[in-house]
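What follows is a single structure, written as structure tokens, with notes after it.
The values are calculated or read from the model by the stated rules, or taken from the named source; none is laboratory data. Keep in mind it's a predicted model, so treat the numbers as computed, not measured. When we count neighbours, we look across all protein chains shown, and the Cβ atoms used for this are built from the backbone with ideal geometry, even at glycine.
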Amino acid sequence: MARVMTRIALAAVLSAIASAATAQTLNTIKTRGVLNCGANGTLAGFGAPDAQGRWTGLDVDFCRAIAAAIFNDANKVKFVPLSSKDRFTALQTGEVDVLVRNTTWTSSRDTTLGLNFTGVNFYDHQAFMVRKALQVKSALELNDAAICVQQGTTTELNLADYFRARKMKLKTVTFASADEAIKAYDSKRCDGYTTDASGIRSEMRKLVNPDEHVILDDVVSKEPLGPAVRQGDDQWFDIVKWVHFAMLTAEEFGVTKANVDEQLKSDIPDLKRLLGSEGKHGEALGLTNDWAYRIIKQVGNYGEVFERNVGQGSPLKLPRGYNALWSKGGLQYAPPIR
Amino acid sequence: MDAADSTKPKVSPLYDPKVRGIAYQVALCALIGVLVYGAISNAIENLTRAKIASGFGFWTTTAGFDINQTLIEYSNISTYGRAFWVGLLNTLLVAALGIVFATILGFAIGIARLSRNWLLARMAGVYVEVIRNIPLLLQLLFWYNAVLKALPEQLQESFIIPGGGFLNRRGLFLPQPVFGNGSGIAFVALILGIVAAIIFRIRIKRRHEQTGVRAPVFAIVLALVVVPPLVALALAGFPIDFIYPYPGRFNIQGGIEILPEFMALLFGLVIYTAAFIAEVVRAGLFAVSRGQTEAAYSLGLPTGPTLRLVVIPQAMRVIIPPLTSQYLNLTKNSSLAVAIGYPDLVQIFTGTVLNQTGQAVEVVTLTMAVYLTISLVTSLLMNLYDRRVALVER
Amino acid sequence: MTVATQAAYVASSPIPAIPPPSAHAGVIGWLRANLFSSPFNVALTIVCALLILWIVPSLLRFLLIDAVWTGADRQACLATPEHPEVGACWAFVRDRINFFVYGFYPIDQRWRVDVFFAALAFGVGWLTWLDAPRRDICLIYFFAVLPIVSFLLLHGTPGGGLPLVETAKWGGVLVTVVVAAVGIVVSLPLGVLLALGRRSEMPAVRLFSVIFIEFVRGVPLITVLFMASVMLPLFLPDTWSPDKLLRALVGVALFSAAYMAEVVRAGLQAIPRGQHEAAMAVGLSYWKAMYLIILPQALKITIPNIVNSAVGLFKDTTLVFIVGIFDLLKTVEAARGDPQWATPVTSTTGYAFVAIFYFLSCYAMSRYARYVEARLAQGDRR
């Protein structure tokens, strides 16, 4: 009986601890000593471990930037590979602190799923890939075609909408993972494959003969991909949001990984505020004032991260496009730090 | 026991088994209560804190995705609830067909294992050993990714099936019958024929029990079921049209489309379950004592009728319960469809719907409830059957 | 009564039996009896022989004769004019064998996995060798020492010593074996408890056990795994975030416990009631009676079924694949899509490799179960 009583007491204490430990994500991370980051795991260029098991990618570097800002150590991140099925639950239940897994920002995810998207770290659109041999010039010719797609994604919904809106018939073949979908496409189960254009570029390299395939120009939908956090912790929301803005600001002012130490001496007020020699902008976030310096020093600015992972310095060779800074005709625009 | 109570020595209630039993049970209930309470309160707290929607409000919301095999009307403007039924029906379809074919194959192999033909018995044995010791999931992947990929990939190279069908990597395409005016009469005739056949069977059986006179039941029943609808159709001038599949720009168009995912799943389930059914059948046949077979032989019955009239009817009593559990296993195993992309309940509901709504608790619970219901209903029927066939000792 | 006992036509010793006609003895007799006893049987034999002639040579050709054993990339396994028929691409398996065995486990730490395999093999050997000495210590080793030591060995020791290796880096045969081993080690004791609970005289205990067992047995493993991977975290306080592999392990263990419970219950039912009553009569408490009298007998006759249940569990470990855990099958799935090795035969080769692995393991286990069964039957006969 005594044993039972202790168990009951233990359970009561545990649930008490649980209720006390809501919010305060930042403190939890600091106590834990490591940031838990939900990443893709199979999408080269955005989030995947390389042959040596070291994680690389645009999304991965974003998590490293957050870790650098908190711990002054970009390596204090534990990457949790998530499928499209378990990604939201993983974030909702606190298994990961932030979800940076090429996830599309939509209104329902922002509301009923209990998430908050902090911004857009990659502007993308959905596109189709088909075999060159089919001689299809436009997606509008795909009436009655069979399309392979990954289930449970916005892609799947957009695909259905696109065909319905154009009164075209469609045979969807859905698979649980992107890997299975692209394999099925490669073995000619489908005529076309659809996902975000960047994803297609990345997945294309898994095809046996990438040269035999072509990405159609049609834009199926807007796909703003961004990091997401749980609702209810504004401080943490702000931190994740401003890590992205700091990286954009650094690019805007030409601060790079290489020259950031030099730039510390600069007299430009914007730079001084960014790098923490003026004002207490970092402390206001719950971080240190050199938070942005740490990010740039250890990870780099947005442009560097982009080029290294998906741009010209990578096998994907994606153009900047919409992801160029606003000042260069793109959409990436950071509010001022002041 | 009451009489003994008076002479019972006084012991501390702590050592009274009844008191202890009650205490243990109270403790267990309390423990489970605390665990369940803890789990539920955690879930509620987690859900409200994370502001996740809960409840079945999504049931009537537009689903927005397509499903490539639907037995009932469905499009991407249908609701999530509709998608659930589509998935459930697809599960039931593959399970029902799987059960039929697995039973046929399983009985054949089980009987073959006991065949007096050495070669056949050995081959059946090898089949059972090999299939039973390889995971089903692997077999499904093999059928889907290795075997079906050997089918022709180009539209023009499709195998042509006599009667207007096609077979290629995109599936099996068969002519689709369309019933025109007057086929309603044939349908009515069919039903009348079936009713007549049932009545006939009952009467023949009664006559057989009373007089011992046998009649060619099977042939007459078949005639009763088949002839009236055919006659009705002939009278109506055969109002059946076929929509023949034809090669289109990308795919075969029209007709009935049987997905390769469906074929792979059905193949895998049938071949896997048949190995287990074969073992069940073998055990059942073994359970019928040898004397029964010998008695039948000494009466001059050949092997076939001995099996059919003497051994199998007795073996069925032993076979049916484990056979039912194999049927349930097949139904549950059909959930592996998710690995090869066949749109069954698990793939549609715990796959797409769960992802689109994010409501894991509701979706997973409902899916489990469906399988649980199937299991419980089957075991209920099983128990009823058991009671009916149980040996009545006279 | 002097009957002519000496008469020459009366044999004084038995006449030696004439050998059976050649058609009923020897090879020909055997063939006639077993293969050609009737026209139908002749037809069956011919069909079977044709089937064997069709399957066996093509299987041998694919797996051995035409197989490619060495090579650096897909070029080795592509059909060429001088080598038109390509069989299994074993070069692919050889190239990736480390990935199939260890997954992403850091290369310099892989000796830890080898040590784990050795320790497990030792435990399994000890446990399955029925005449081994000190099998009681073996039980403690297998069910208590091994799990803890293995966890520390594979995951790393806190505070120095072995560096931490996250479970996300585990993969291949390692994960398959870990899932199966944890499934068996946890499900057996839990299954015994549930079986006892189901036969208990306390209604609440019985009810709970029945509900648990019937519920778990009524749903597919895949939904249990989904529940463990997406629902379980919601039911726990948000400060606990169990590892992905751990959640799958919980699912597998609970699932196999329910099946194990039914196996054990069958064994308990076979023990005559008199044993229980006799134990109570000499004053043993419930647990002592169970521990000393009932369970040893019940478990002994259940060993074959426990092993068969373990075979089922071992095959079912492949399902963790669906919740995204890198078991052997998943590593092969991942590797077969690699463009470096993509050929028409790569998939089949990968599946053949996994099939052979599972077949050998499961066949060995079921042979062992049959051996134990035969040995037990022997004991009963005596």
Legend entry - Within the range C:104-210, helices (runs of 4 or more DSSP H) holding 2 or more residues that are within 25 Å of the chain's Cα centre (by Cα) and within 14 Å of chain B (Cβ to nearest Cβ): C:173-198
Inset, instruction - Check whether at least one residue in the range C:127-143 is surrounded by 16 or more Cβ atoms within 10 Å (Cβ to Cβ) and under 30 Å from B:C29 (Cβ atoms), and report yes or no. - result: yes
Legend entry - Residue check, A:D97 acidic (D, E), facing another protein chain (nearest Cβ under 8 Å) and on the phi < 0 side of the Ramachandran plot: no
Legend entry - Among the candidates A:R64, A:R87, A:R101, residue that is modelled with pLDDT of 95 or more and surrounded by 20 or more Cβ atoms within 10 Å (Cβ to Cβ): A:R64
Inset, instruction - Residue by residue through the range A:165-183, note down the ones that are charged (D, E, K, R) and in a helix (DSSP H, G or I). - result: A:D179, A:E180, A:K183
Inset, instruction - May I ask you to list the residues in the range B:38-56 that are at pLDDT 85 or above, in a helix (DSSP H, G or I) and more than 7 Å from every other protein chain (Cβ to nearest Cβ)? - result: B:I40
Legend entry - Qualifying positions in the range B:341-351 - under 16 Å from C:V323 (Cβ atoms) and among the β-branched types (V, I, T): B:V346, B:T350
Inset, instruction - Among the numbered conditions (1) touching a Gly at 6+ places or on another chain (Cβ under 9 Å); (2) at the interface with chain B (Cβ under 10 Å from one of its Cβ atoms), tell me where C:F326 comes up short. - result: (2)
Legend entry - When residues of the range A:118-174 are limited to those that are surrounded by fewer than 19 Cβ atoms within 10 Å (Cβ to Cβ) and among the aliphatic types (A, V, I, L, M), the one nearest to the other protein chains (Cβ to nearest Cβ): A:L134
Inset, instruction - Six or more apart or on different chains, Cβ under 9 Å: which pairs go from a residue in the range C:326-348 that's under 14 Å from C:N98 (Cα atoms) and assigned by TED's automatic domain parsing to the domain that holds C:T176 to one that's of a type in the set (F, W, Y) and assigned to a loop (DSSP other than H, G, I, E, B)? Could you list them? - result: C:F326/C:F104; C:A334/C:F326; C:A335/C:W341
Legend entry - Unique match (being within 14 Å of chain C (Cβ to nearest Cβ) and buried (at least 17 other Cβ atoms within 10 Å of the Cβ)) among B:L31, B:L35, B:L105, B:L119: B:L119
Legend entry - Search result, residues across the range B:59-87 that are buried (at least 19 other Cβ atoms within 10 Å of the Cβ) and among the hydrophobic types (A, V, I, L, M, F, W, C): B:A63, B:F65, B:I67, B:A83, B:F84, B:V86
Legend entry - Answer from B:P239, B:P247 - the residue that is surrounded by fewer than 17 Cβ atoms within 10 Å (Cβ to Cβ), touching a residue at least 24 places away in the same chain (Cβ under 8 Å) and either assigned by TED's automatic domain parsing to the domain that holds B:L155 or within 30 Å of A:A184 (Cβ to Cβ) (or both): B:P247
Legend entry - Test: residue in the range B:80-87 that is in contact with a strand residue (DSSP E or B) (Cβ under 7 Å, 6 or more places away or on another chain) and more than 14 Å from chain C (Cβ to nearest Cβ): no
Inset, instruction - Look through C:T302, C:T317 and report the one residue that is within 13 Å of chain B (Cβ to nearest Cβ), crowded, with 22+ Cβ neighbours inside 10 Å and polar (S, T, N, Q). - result: C:T317
Legend entry - Single residue of the range C:211-263 satisfying the filter (charged (D, E, K, R) and under 30 Å from C:I303 (Cβ atoms)) that is farthest from the other protein chains (Cβ to nearest Cβ): C:E262
Inset, instruction - Can you work out which of the residues in the range B:156-172 that are more than 10 Å from chain A (Cβ to nearest Cβ) and under 20 Å from A:L170 (Cα atoms) is surrounded by the fewest Cβ atoms within 10 Å (Cβ to Cβ)? - result: B:L167
Legend entry - Flag for C:S256 being closer than 18 Å to C:L190 by Cβ, buried (at least 22 other Cβ atoms within 10 Å of the Cβ) and without any contact (Cβ under 8 Å) to a residue 60 or more places away in the chain: no
Inset, instruction - Would you mind finding the one in B:A275, B:A283 that is within 30 Å of B:P321 (Cβ to Cβ), small (G, A, S) and buried (at least 22 other Cβ atoms within 10 Å of the Cβ)? - result: B:A275
Legend entry - Qualifying residues in the range C:44-83 (those that are in a helix (DSSP H, G or I) and among the charged types (D, E, K, R)) - the one surrounded by the fewest Cβ atoms within 10 Å (Cβ to Cβ): C:R61
Legend entry - Any hit, the range C:222-238, residues being of a type in the set (A, V, I, L, M), touching a Gly at 6+ places or on another chain (Cβ under 6 Å) and at pLDDT 90 or above: yes
Inset, instruction - Give just the number: which of (1) closer than 28 Å to B:P177 by Cα; (2) in contact (Cβ under 8 Å) with a residue 60 or more places away in the chain; (3) among the aromatic types (F, W, Y) does B:F159 not satisfy? - result: (2)
Legend entry - Any hit, the range B:159-174, residues being part of a helix (DSSP H, G or I) and of a type outside the set (D, E): no
Inset, instruction - Among the strands (runs of 3 or more DSSP E) lying completely within the range A:43-152, list those that include at least 1 residues that are over 23 Å from A:I215 (Cα atoms) and in contact with a Cys (Cβ under 6 Å, 6 or more places away or on another chain). - result: A:77-81, A:98-104
Legend entry - Filter pass, B:G125 being at pLDDT 90 or above, surrounded by fewer than 19 Cβ atoms within 10 Å (Cβ to Cβ) and at the interface with another protein chain (Cβ under 10 Å from one of its Cβ atoms): no
